[in-house]
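First up is the structure itself, then whatever we jot down about it.
The values are calculated or read from the model by the stated rules, or taken from the named source; none is laboratory data. The model shown is predicted, which means the values in this text are computed figures rather than measured ones. Every residue, glycine among them, receives a Cβ derived from its backbone with ideal geometry; neighbour counts consider all protein chains shown. What goes into the accessible areas is simple: the full protein's heavy atoms, side chains included, and nothing from ligands, DNA or RNA. Shrake-Rupley method; radii C 1.70, N 1.55, O 1.52, S 1.80 Å.
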Amino acid sequence: MYGQLIPVGGGPPLPLLEQRLVLGRAPDCDLRIAGKTVSGRHCELEMIDGYWWVKDLGSHNGTGVNGKRCTHKQVAPNDVLWVAKQRFRVSYIIPGQIEADEDLAADLLAEEAEPSKSKPAPLRKPTPQKPAQAGVQRPSRDITPTPRPQHTQVLGRLVPCGGGDPIPLLREDLLIGRKNSCDIQLRFANVSSQHCRLFLEGGYWIVEDLNSRNGTKVDGMRVHRKALAPATVFSIANHRYSIEYTPTGLEPLPEEDPFAQSLLAKAGLEKQVNAALPPDWADDDERPLRTPRKSLDD
């Protein structure tokens with residue numbers, strides 16, 4: 001178990017049995033939460049690097065942490081999660097605390113199993129019946145740690161330039177758009193349903209536009225595909241984000257071919273210009289015949 005949700009208003013706690021859970025009113029949700037204000041698929045809880053993160057799934061009445069509405073946010077131990085009007089205290093232990101507790105329990109068990117003569121005389125207590133305290137220095141022992149589940153690796157993050165919670169990049173290929181099925185959902189009217197892709201290639205993040213209506217821009221220029229250096233600012237429609245990550249590639253950042261697209265294509269005007277041009281006649285015989293002009297004598 002990875003923790004539990006304790007209802008603030010009272011009631012039995014909800015155990016968190018998986019590292020990724022969907023909360024809502026629908027029967028197929030991992031954790032069903034009753035209430036008219038709760039959407040069918042309201043929000044998602046996912047454990048990342050030992051911490052729970054909550055992501056709103058386009059709910060009608062919203063998701064919040066400690067009274068503040070959010071779309072994607074880290075939930076620390078004992079934070080209060082709001083699912084519409086339902087409130088839950090998130091109870092779990094971060095990995096560092098788990099390791100300290102396991103080491104303490106293992107040492108206490110080992111001390112009980114060993115004979116008392118194995119302990120050095122100067123470290124003996126005058127009252128051996130008194131339980132050992134956490135601050136007492138214990139001899140180091142070679143104890144094999146208990147296997148723990150592997151957590152999702154954060155490969156970078158998008159930081160909104162206008163303020164807001166950073167968006168973690170959790171996979172090497174991410175779909176960005178307005179649809180609920182997108183890996184990163186941006187609920188803005190000017191963002192296309194499937195707007196662009198972000199994917200790792202050669203240790204660098206690449207952005208690729210998916211023929212969106214309002215385009216994807218890097219440094220103010222509309223692009224179809226572009227490599228992003230760390231701290232590069234790029235726009236999805238008119239929403240600007242700075243990408244933060246550490247490149248892992250041995251090769252330098254790939255440069256865009258300056259001759260791959262014309263300036264009109266980069267500005268999104270090539271289609272309009274070409275549409276105004278007449279057909280390109282391949283053969284003179286295919287050209288339309290002109291009516292000969294008549295002279296004054298005729």
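For this structure, a couple of remarks:
- Count of the range 187-212 residues which are open to solvent by less than 40 Å² (accessible area, probe 1.4 Å) and touching a Lys or Arg at 6+ places or on another chain (Cβ under 6 Å): 4
- Taking the criterion of being at pLDDT below 55, open to solvent by 80 Å² or more (accessible area, probe 1.4 Å) and not basic (Lys, Arg), the residues of the range 147-174 that qualify are Pro147, Gln150.
- Among (1) over 20 Å from Ile167 (Cβ atoms); (2) open to solvent by less than 30 Å² (accessible area, probe 1.4 Å) - the single one Pro27 does not satisfy: (2)
- The C-beta contact set for the range 74-103 (first residue more than 14 Å from Ile6 (Cα to Cα), second residue at pLDDT below 90 and surrounded by 14 or more Cβ atoms within 10 Å (Cβ to Cβ), distance under 6 angstrom, 6+ apart or interchain) comprises Ile94/Gly50; Pro95/Gly50.
- Residue count for the range 213-230, restricted to those that are out of contact with any Pro (no Cβ under 9 Å at 6 or more places or on another chain) and either in contact (Cβ under 8 Å) with a residue 40 or more places away in the chain or open to solvent by 20 Å² or more (accessible area, probe 1.4 Å) (or both): 12.
- Here Glu244 meets the list (1) surrounded by fewer than 18 Cβ atoms within 10 Å (Cβ to Cβ); (2) over 29 Å from Met47 (Cα atoms); (3) not hydrophobic (A, V, I, L, M, F, W, C) almost entirely, failing just condition (2).
- Qualifying residue in the range 44-55 (condition: surrounded by 15 or more Cβ atoms within 10 Å (Cβ to Cβ), more than 15 Å from Tyr92 (Cβ to Cβ) and touching a Lys or Arg at 6+ places or on another chain (Cβ under 8 Å)): yes
- Those strands (runs of 3 or more DSSP E) of the range 161-250 in which at least 1 residues are basic (Lys, Arg), considering only elements entirely within it, cover 196-201, 216-218, 221-223, 225-228, 239-244.
- Flag for Val233 being open to solvent by less than 50 Å² (accessible area, probe 1.4 Å) and either more than 19 Å from Asp165 (Cβ to Cβ) or over 19 Å from the mean Cα position of the chain (by Cα) (or both): no
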